[in-house]
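This report concerns only the one structure given below.
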Amino acid sequence: MKLQIGGFLDNSLVNGAGLRSVIFVSGCCHNCKNCHNNAMQHFDYGDSTSIDDILEKLVKNMPIISGVTFSGGEPFESSLALSKLSEEIRTLGLNIWCYSGYTYEEIIHSEDSNKRRLLSLIDVLIDGEFHEELKEDASKYTGSSNQRIIDVQKSSLENEIILWSK
Ligand code: SF4
């Protein structure tokens, strides 16, 4: 299975807690005003990359990384491929953070079972579109203050939104 990606960082400290590899997934329909990366909105931006090739890179980085972050673009537009990738990442023992322009509520109520499946496989969701007028109050890992850093596994268990804490 292939995934269209616009970028890959072997290690980053600013896309979630700890040292992480980051996959920038191409394609996004949210059209946020002053999007931080317009090029990534195009679904054909970047390279079509096999899940196996991505996994190989992650395994090489494993001695130093604690997890993987999906950014974009909009990762939930590639939910099927990312669900397959996430299953493999979880077996490696790495945690998964994911940025999305969709809110947690939009994803759990989505008619698209692949989106719900992907959510079930990630540890932390940073949700909501980018709102430029709220960027001044953004936190370390968010682009604007409307976005929440959600502990997905705890939220699923408790059936309410539980924010991630260190
Ligand atoms: S969700 Fe992200 S990539 Fe998509 S338009 Fe908004 S800022 Fe840009």
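The values are calculated or read from the model by the stated rules, or taken from the named source; none is laboratory data. For clarity, every value in this text was computed on a predicted model and none was experimentally measured. Neighbour counts run over all protein chains shown; Cβ positions are idealised from the backbone, glycine included. The protein model used for the area step is the full one, side chains on, heavy atoms only, and it has no ligands, DNA or RNA in it. Shrake-Rupley method; radii C 1.70, N 1.55, O 1.52, S 1.80 Å.
Please build a GNM for the chain, connecting alpha carbons under 10 Å apart, and tell me which residue among Asn37, Asn146, Asn61 fluctuates the most.
Most flexible of the set in this elastic network: Asn37.
Arrange the residues Trp97, Trp164 by how much accessible surface each exposes, largest first, with a 1.4 angstrom probe. Present the calculation step by step, with values, prior to reporting the outcome.
Working: Trp97 10, Trp164 60 Å².
Final ranking, largest accessible area leading: Trp164, Trp97.
What do you get for Rg/Rh of segment 1-78 when both radii come from the Cα atoms and Rh is the Kirkwood radius?
Numbers: Rg = 12.6 Å, Rh = 12.8 Å.
Ratio value, two decimals: 0.98.
Name the residue from Ser21, Met62, Gln147 whose Cα lies farthest towards the positive end of the charge dipole of the chain, charges +1 on Cβ of Lys and Arg and -1 on Cβ of Asp and Glu.
Projecting each Cα onto the dipole axis, the largest value belongs to Met62.
Can you tell me which of 126-135, 154-163 comes out highest on packing, and rank the rest after it, using the mean Cβ neighbours within 10 Å? Spell out each step's value before the answer.
Numbers: 126-135: 17.8, 154-163: 12.6.
Result, highest mean first: 126-135, 154-163.
Could you tell me what fraction of 2.2 N^0.38 Å the Cα radius of gyration of segment 42-166 comes to, as a two-decimal ratio? Walk me through the numbers on the way to the answer.
Numbers: Rg = 14.6 Å, N = 125, 2.2 N^0.38 = 13.8 Å.
After normalising by residue count via 2.2 N^0.38 Å, the value is 1.06.
So for segment 67-135, considering every pair of alpha-carbon atoms, how many percent are separated by more than 17 Å? Before the final figure, lay out each step's value.
Details: 873 of 2346 pairs.
Cα-Cα pairs in segment 67-135 separated by more than 17 Å: 37 percent.
Which whole-number value in Å² is the accessible area per residue of segment 45-146, probe 1.4 Å?
Values: 4770 Å² over 102 residues.
On a per-residue basis, segment 45-146 sits at 47 Å².
Tell me which lysines have Cα within less than 22 Å of Lys33's Cα, excluding those fewer than 8 residues away on the same chain?
Lys135, Lys140
Could you put Leu80, Leu121 in order of accessible surface area, largest first, with the 1.4 Å probe and the full protein assembly present? Display every interim value, and only then the final one.
Values: Leu80 85, Leu121 15 Å².
Greatest to least solvent exposure: Leu80, Leu121.
Tell me which residues come under 5 Å, amide H to amide H, from Ile96 once H is placed; ignore anything under 5 positions away on its chain.
Val68, Asp123, Val124
What is the percent carbon and sulfur in the accessible area of the chain, measuring with a 1.4 Å probe over the protein chains and ignoring ligands? Walk me through the intermediate numbers first.
Details: 4090 of 8540 Å².
Using a 1.4 Å probe with all protein chains present, the chain comes out at 48 percent carbon and sulfur.
Let me know the charge dipole size of the chain about its Cα centre in debye, to the nearest 20, where only the beta-carbon of Lys, Arg (+1) and Asp, Glu (-1) is charged. Display every interim value, and only then the final one.
Working: 15 positive and 24 negative charges, 93 e Å.
Here the chain has a charge dipole of around 440 debye.
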